[in-house]
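As structure tokens, the structure follows; a few thoughts come after it.
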Amino acid sequence: MKYDPWVESGLAHLEPSDDPTFFDIRNPTYEFADPVMDQLLTLKSAAKFLALTPRALRIMSYEAKIPVYRLGRQTRFKLRDCVTLIDDFMENA
């Protein structure tokens, strides 16, 4: 008999349901993240990408217009958030 960790764990009786919070590990349907878009940028490089000054980007982050990721004392921005900011600006312009 083939070893099945799903059966051994005692979770074999669980079946997918209409519950949106249920995640079936045997049949994952989630999308994998894009590693390029999740790249972290420094304040200086994000400001250059957005054609802003670092001070202007810092003010936008304080006003919660763009998400900020802090690694200790370092401030980082995701490339995805920068692209979203540009898209939102273009839609409202």
Note, Ala56: beta-carbon cut-off 13 Å, +1 each Lys/Arg, -1 each Asp/Glu, net +4
Under 10 Å from the Cβ of Arg80, count the other residues' Cβ atoms, weight Lys and Arg +1, Asp and Glu -1, and hand me the total.
-2
Please sort 36-49, 61-74 by packing, taking for each peptide the average over its residues of neighbouring beta carbons within 10 angstrom, highest first.
36-49, 61-74
Measuring from label point to label point, each 7 Å out along Cα→Cβ, what is the Leu52 to Leu40 span in nm?
1.9
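Each reported figure results from applying straightforward, stated rules to the coordinates on display, with no laboratory input. A quick note: this is a predicted structure, and the numbers were derived from the prediction, not measured. Virtual Cβ from ideal backbone geometry, glycine too; neighbours counted across all protein chains shown.
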